[in-house]
Amino acid sequence: MAFGPYLLLALMEGLVKAAVLALTAVGLSLVFGVMRVVNVAHGAFFMLGAVLAYTVAQYIPGPAALGWLAALVIAPMIVAAIAAAADTLVLKRLNYDPEATIVATIGLLYILEQAALSFFGPDARPVEAPFTLRLQLPWFGFSGYKLFVILAAIAILLAVWWFMTRTRAGLVMRATQVDRQTARAFGIDVDRVYAGVFALGAALAAIAAVLLVPISQSHYLMGGDPLLLSFIVVIIGGLGSLRGTVVAALIIGISDGVISMFYSPTLAKIIATAAVAMVLVFRPQGLFGARA
Amino acid sequence: MKSVALHLGVLVLLVVAQFLLPSYHANNLSRILVLAVFAMGYNIAFGYSGLLSLGHALLFAAGMYGAGMLVHHAGTAALLALLIGTLAGGIMATLVGLLALRTAGVSFMIVTLMFAQVGFLTILYFNGVTGGDEGIALTAPERQFIGLDLTQDAPRFWVALVLFVIALAANLALVRSRFGRVMLAMRENEERSRMLGFNPYVVKLQILVISGLFSGAAGAAYALLFGYIGGSFASVQYSILPMLYVLLGGAATVLGPLLGAGLMFYLIDFASGLTSAYLMVVGAALVALVLFAPKGILGTIRERWLPWLP
């Protein structure tokens with residue numbers, strides 16, 4: 001294959017990565033923006049979404065599309081419920097102290113990973129794609145499902161944007177983000193907002209995972225990479241800024257796709273991680289964010 | 001006076017335990033002592049000075065690889081390798097600190113976590129020299145420490161104990177010194193200590209370097225005493241473990257790291273006898289600690305009964 005088409009393939013693969021990453025990272029960014037909580041368990045929520053997708057798809061008879069659709073609805077709901085419970089039972093009682101919540105979410109990460117291992121087993125398992133359309137380009141065939149993932153991610157991101165800017169619930173969340181005390185004074189139940197935001201963030205990670213599993217596989221340790229990459233994206237995009245997060249996800253996802261196609265993925269990760277650490281050190285507001 | 005007596009008492013207990021315990025537990029004790037030195041280093045940064053780092057695995061690994069690769073590839077004497085490994089921890093802490101200390105709070109945690117991740121990936125990337133994920137097993141001739149054979153249980157314990165005693169004495173001296181009070185001041189009110197004429201950046205860098213020396217020494221000793229260096233010691237988990245030990249034993253207490261390391265070691269040991277789900281225990285312990293006992297065991301004891309506890 002010539003260089004041009006090869007690069008095109010790399011770009012398209014990168015775009016798929018970017019789409020999944022954007023969804024995951026927006027969830028993390030939302031939680032950080034509204035609650036000021038660094039959720040280390042975010043990757044575990046992602047993993048849980050994938051593992052639950054496999055489990056749900058197993059129990060639904062009939063065509064693969066039906067099982068996958070059921071997973072797309074059920075898995076994020078279960079993950080959101082777990083997240084809301086974790087918020088009410090643990091994070092709320094810590095008064096959202098930044099350092100204590102990090103320690104607690106690390107603990108949560110271990111608990112969730114171990115639970116997935118115990119109930120799900122150590123094997124990586126595939127989920128069948130809802131449809132197997134193949135898009136034949138002149139140089140290579142591309143999976144139609146992967147294109148669907150990109151479109152679905154765009155649709156969901158638009159829905160999140162619409163929810164945050166055009167609905168009352170979104171308004172309440174943004175009010176809480178700007179000033180928790182004043183929001184409370186206006187009769188907003190801040191505790192419920194926090195539980196809702198934490199659940200929404202986790203659900204976004206779970207949706208991203210359900211979209212991803214037909215291409216990748218579900219495994220109890222799969223949460224590590226999305227967590228690290230989401231952190232990178234959220235930091236580069238400016239902590240708490242949704243628009244910056246999406247732009248950064250595009251940059252990181254595509255460059256990760258391209259670099260790891262031409263060089264070693266380990267080297268790509270080393271460079272990306274070091275670069276982001278430097279961004280945090282020298283430009284803590286992120287590349288796009290205004291001063292928080 | 002009381003505190004010196006207490007620490008001497010603990011040391012006597014450790015020596016007695018070594019003679020009374022069956023060899024399996026005596027061996028565990030050596031491991032706990034080394035891990036406690038690592039946790040003491042972490043405690044100096046986190047407990048006394050409020051520097052919550054999530055990247056101490058990098059400092060531990062610097063000591064471990066500094067010492068292990070020297071004896072393995074260059075045939076350096078074990079004592080020299082231990083000293084160089086200790087220094088490697090300090091140097092790595094200097095490099096990390098120079099950059100990471102420009103940030104604070106949550107950013108500091110993420111930056112240290114990322115530096116540690118870079119270190120971990122670098123070890124995997126150069127697996128030709130480092131052994132990567134599989135690691136390197138050190139051979140018996142490489143583990144001769146000034147005439148002591150570290151493959152044997154008894155010499156191993158004594159070396160671990162001597163290292164622990166040195167670390168304990170250093171830790172005690174540090175927190176009772178003038179600099180120890182500056183450390184507390186940094187934790188309690190950084191702006192105010194700046195007003196009193198201390199440069200927080202320089203003080204925190206010094207603290208991190210001291211912490212790195214402890215961590216490096218622990219990593220180097222771990223390599224020599226137990227004969228194995230591997231990439232997993234640089235992973236996130238080895239940044240979390242010392243934090244867990246310190247939180248359990250009691251942040252900003254001299255004996256907390258030892259107590260925490262010992263309890264956690266046996267809790268995991270006990271749990272892995274019951275189920276394979278030992279990570280669940282670690283996770284549950286972390287959540288329970290921040291929820292119900294944020295001061296840890298010795299921290300709570302000091303608050304309630306023994307205000308003089310260092």
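The values are calculated or read from the model by the stated rules, or taken from the named source; none is laboratory data. The shown structure was predicted, so the numbers you read here are calculated from the model rather than taken from an experiment. FYI the Cβ positions are ideal-geometry reconstructions off the backbone, even for glycines, and counts take in every protein chain you see.
Can you name the condition, by its number, that A:V56 falls short on among (1) β-branched (V, I, T); (2) within 27 Å of B:Y278 (Cβ to Cβ); (3) not in a loop (DSSP other than H, G, I, E, B)?
Here A:V56 clears every test but (2).
Looking at the range B:107-157 only, could you name the residues that are part of a helix (DSSP H, G or I), within 14 Å of another protein chain (Cβ to nearest Cβ) and small (G, A, S)?
If the condition is that a residue be part of a helix (DSSP H, G or I), within 14 Å of another protein chain (Cβ to nearest Cβ) and small (G, A, S), then B:S107, B:A116, B:G119, B:G128 are the ones that fit.
Of everything in the range A:161-187 that's buried (at least 18 other Cβ atoms within 10 Å of the Cβ) and among the polar types (S, T, N, Q), which residue is nearest to the chain's Cα centre (by Cα)?
Only one residue fits best here, namely A:Q177.
Farther than 26 Å from A:G238 by Cβ and surrounded by 16 or more Cβ atoms within 10 Å (Cβ to Cβ): is that true of A:M12 in this structure?
yes
Quick grid of which residues meet (1) within 9 Å of another protein chain (Cβ to nearest Cβ); (2) under 28 Å from B:A271 (Cα atoms):
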| site | (1), (2) |
| --- | --- |
| A:R36 | yes, no |
| A:L52 | no, yes |
| A:P63 | no, no |
| A:V73 | no, no |
| A:M77 | no, no |
| A:L94 | yes, yes |
| A:L108 | yes, yes |
| A:F120 | no, yes |
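Report yes if some residue within the range A:161-175 is closer than 30 Å to A:F131 by Cβ and touching a residue at least 60 places away in the same chain (Cβ under 8 Å); otherwise report no.
Yes, that holds for at least one residue.
Any residue at all in the range B:72-94 that's outside any helix (DSSP H, G or I) and within 14 Å of chain A (Cβ to nearest Cβ)?
Within the range B:72-94, none of the residues are outside any helix (DSSP H, G or I) and within 14 Å of chain A (Cβ to nearest Cβ).
Find the residue count for the range A:188-236, including only residues that are over 15 Å from the mean Cα position of the chain (by Cα) and of a type in the set (D, E).
Residues that pass the stated criteria total 2.
Could you check how many residues of the range B:73-101 are in contact (Cβ under 8 Å) with a residue 12 or more places away in the chain and in contact with a helix residue (DSSP H, G or I) (Cβ under 6 Å, 6 or more places away or on another chain)?
Number of matching residues: 17.
Taking the stated definitions as given, is A:V127 touching a helix residue (DSSP H, G or I) at 6+ places or on another chain (Cβ under 8 Å) and more than 10 Å from chain B (Cβ to nearest Cβ)?
Here the answer is yes, as A:V127 does meet what is asked.
Show the residue pairs that are 6+ apart or on different chains and have beta-carbon atoms under 7 Å apart, the first residue being within the range B:217-233 and closer than 20 Å to B:L124 by Cα, the second being of a type in the set (K, R) and buried (at least 21 other Cβ atoms within 10 Å of the Cβ).
B:G227/B:R143
What number of residues within the range A:222-241 are more than 12 Å from chain B (Cβ to nearest Cβ) and at positive phi?
Summing the residues that are more than 12 Å from chain B (Cβ to nearest Cβ) and at positive phi in the range A:222-241 gives 1.
Looking only at helices (runs of 4 or more DSSP H) that fall completely inside the range A:197-292, which ones have 3 or more residues that are under 15 Å from A:K17 (Cβ atoms) and modelled with pLDDT of 85 or more?
Result: A:224-237, A:242-262.
Inspect the range A:22-40 for any residue being in contact with a helix residue (DSSP H, G or I) (Cβ under 7 Å, 6 or more places away or on another chain), part of a helix (DSSP H, G or I) and farther than 21 Å from A:I102 by Cα and give the result as yes or no.
Taking every residue of the range A:22-40 in turn, at least one turns out to be in contact with a helix residue (DSSP H, G or I) (Cβ under 7 Å, 6 or more places away or on another chain), part of a helix (DSSP H, G or I) and farther than 21 Å from A:I102 by Cα.
Condition check ((1) assigned to a helix (DSSP H, G or I); (2) small (G, A, S)) across all residues:
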site: B:V16; (1), (2): yes, no
site: B:A26; (1), (2): yes, yes
site: B:S30; (1), (2): yes, yes
site: B:S53; (1), (2): no, yes
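Would you be able to say whether some residue in the range B:300-307 is closer than 16 Å to B:G47 by Cβ, free of Cβ contacts under 8 Å to residues at least 12 places away in the same chain and part of a helix (DSSP H, G or I)?
There is at least one residue in the range B:300-307 that is closer than 16 Å to B:G47 by Cβ, free of Cβ contacts under 8 Å to residues at least 12 places away in the same chain and part of a helix (DSSP H, G or I).
Of the residues that make up the range B:252-261, is at least one touching a residue at least 24 places away in the same chain (Cβ under 8 Å) and either touching an Asp or Glu at 6+ places or on another chain (Cβ under 8 Å) or within 11 Å of another protein chain (Cβ to nearest Cβ) (or both)?
Checked the range B:252-261: no residue is touching a residue at least 24 places away in the same chain (Cβ under 8 Å) and either touching an Asp or Glu at 6+ places or on another chain (Cβ under 8 Å) or within 11 Å of another protein chain (Cβ to nearest Cβ) (or both).
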